[in-house]
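The values are calculated or read from the model by the stated rules, or taken from the named source; none is laboratory data. In this text, all values refer to a predicted model and were calculated from it rather than measured experimentally. Methodologically, a virtual Cβ is constructed for each residue, glycine included, from the backbone with ideal geometry; neighbour enumeration extends over all protein chains shown. Calculation scope for accessible area: heavy atoms of the full protein, side chains included, ligands and nucleic acids excluded. Shrake-Rupley method; radii C 1.70, N 1.55, O 1.52, S 1.80 Å.
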Amino acid sequence: MLISLRLKVLLVSIFNNFTLQSTYAYMKKYLFILFTLSLLFIACKDTAGKAGNEAEGEAGLPAENSYLEKAVGKNDNGSYLITNIDVIKPAWEEALRNENAEDNINSFRIVKGKTEGDSVSDYYMLLAESKSSKSKIASLLTLKGNTFYFEKIDSVENGLGRFIICTGGCADGCLPSVKIVSGKKYLYCSACSDCTKIEKEIR
């Protein structure tokens, strides 16, 4: 009977110890799974946010640091004043240096002209000239009230802007100009035997 009683005590002790170890192991496993799921959730949320921002840019929506929606200048009783050059100049100079690493922009001005092509109408243009005078950069503008904004490619609210770089060695020609084809305005470089046109989007 004594042996049997001792055996029972031993068995109960072993069982209790086994149960505690099992419970501890289960809790460790459970906490590890919770920790792993939390990390996965955070990573997925972050990835989804980045993907959403990238998709927004790819869909044509202006980026957060875009100057497309910013005012370019104003019409002061027939005098065209540029008011946002500090934002526009770095972006245009970067595009210019991608084509000619040694050139920089020397001046900006807003000009008014007449379109060519299917019909004749007034247009406004932001025009920049490089220090070498070989390159001209231009983008169409729209006048809302007395404030100039970049003209978007289409009528969609989140459309894109566009500018061109005309580079050439001609004394005349290779100048940014505007023509209307099928009711739409297009920027082009006027005739020149030595002229290249580069087109960029404003996002």
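Residues of the stretch 114-203: accessible area per residue at 1.4 Å, in Å²?
About 53 Å² of surface per residue is accessible.
Please report, in cubic angstrom per residue, the volume enclosed by the convex hull of the alpha-carbon atoms of the stretch 63-132.
139
Within the set Lys114/Lys152; Lys131/Lys152; Lys152/Lys179; Lys134/Lys184, which residue pairs have Cα atoms separated by over 23 Å?
Long pairs (Cα-Cα over 23 Å): Lys131/Lys152; Lys134/Lys184.
What would the Debye equation give as log₁₀ I(q)/I(0) for the stretch 121-203 at q = 0.11, 0.21 Å⁻¹, counting only Cα atoms as equal point scatterers?
Treating every Cα as an identical point scatterer, log10 I(q)/I(0) equals -0.31, -1.00.
Quick check on packing: order 66-73, 165-172, 118-125 by the mean number of other C-beta atoms within 10 Å, highest mean leading.
66-73, 165-172, 118-125
Hey, rough spin-label estimate for Val111 and Lys74, points 7 angstrom out along Cα→Cβ, what's it come to in nanometres?
In this crude label model, Val111 to Lys74 measures out at 2.5 nm.
Would you grab the residues whose amide H sits under 5 Å from the one on Leu160? Only those 5+ places off in sequence or on another chain, please, with H modelled 1.01 Å from N.
Amide H to amide H, under 5 Å and 5 or more residues apart or across chains, Leu160 pairs with Ile153, Asp154.
Over the stretch 107-155, what portion of Cα pair distances is larger than 13 Å, expressed as a whole percent?
Numbers: 757 of 1176 pairs.
Value for the stretch 107-155 (Cα pairs over 13 Å): 64 percent.
Mind listing the phi-derived Karplus ³J(HN,Hα) values for the stretch 118-128, rounded to whole Hz, using 6.51, -1.76 and 1.60 with θ = phi - 60°, and x for any glycine or proline?
Listing the rounded values in order: 5, 8, 10, 8, 6, 9, 10, 9, 8, 10, 10 Hz.
If you split all Cα-Cα distances of the stretch 64-197 into 10 Å bins from zero, what percentages do you get per bin, shortest first?
Here the calculated profile for the stretch 64-197 is 12, 42, 37, 9, 0.
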